[in-house]
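Undergrad: Here it is, the structure in full.
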Amino acid sequence: MPTGRWTHSFEEDHDGISVYRHDDFAFPPARGRRGVEFRPDGTFVPLQIGRGDAPTPGPPGRWDTTGRLQLPDGTGRIVSAAPDRLEIAWQDQ
């Protein structure tokens, strides 16, 4: 399962799937980007666009080894995980 910080590459989203890349990816210019940080302890923090377009942590969630994601206001699942690309299908957000 992926750990670390992933940034939303919304230009690559497709078929209801959100695509994320590591921060060192060559993103095109954008006015802020959402993201998510997965921690080894099974928690993750969604990163919203905050003041000055900087990432701001949202309410934490939990993830498990099957790829299920649980937030206070929604769920998701990891559809695909590669070393340089992460795809997530979010529901109820």
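The values are calculated or read from the model by the stated rules, or taken from the named source; none is laboratory data. All values derive from a computational prediction rather than experimental measurement. Cβ sites come from the backbone with ideal geometry, for glycine too, and all protein chains shown count toward neighbours. Surface areas here come from the heavy atoms of the whole protein model, side chains and all, with no ligands, DNA or RNA. Shrake-Rupley method; radii C 1.70, N 1.55, O 1.52, S 1.80 Å.
Undergrad: Give me the 1.4 Å probe accessible area per residue for the stretch 4-93, excluding ligands and nucleic acids, in Å².
TA: 60 Å²
Undergrad: Could you state the principal axis extents of the C-alpha atoms in the chain, from the largest down, to the nearest angstrom?
TA: Dimensions of the chain along the principal axes of its Cα atoms: 33, 26, 25 Å.
Undergrad: Between ALA54 and ASP23, how many nm apart are label points set 7 Å from Cα along the C-beta direction?
TA: With each label placed 7 Å out from Cα toward Cβ, I get 1.2 nm.
Undergrad: Sticking with this structure for a sec: Give me the extension gain from ARG77 to THR43: residue separation times 0.36 nm, minus the current Cα-Cα distance, reported in nm with one decimal.
TA: 10.9 nm
Undergrad: Tell me, what is the 1.4 Å probe accessible area of ARG5, in Å² to the nearest 10?
TA: 100 Å²
Undergrad: Give the carbon-plus-sulfur fraction of the accessible surface of the chain in %, rounded to a whole number; probe 1.4 Å, heavy atoms of protein chains only.
TA: About 51 percent, which is the carbon plus sulfur part of the accessible surface.
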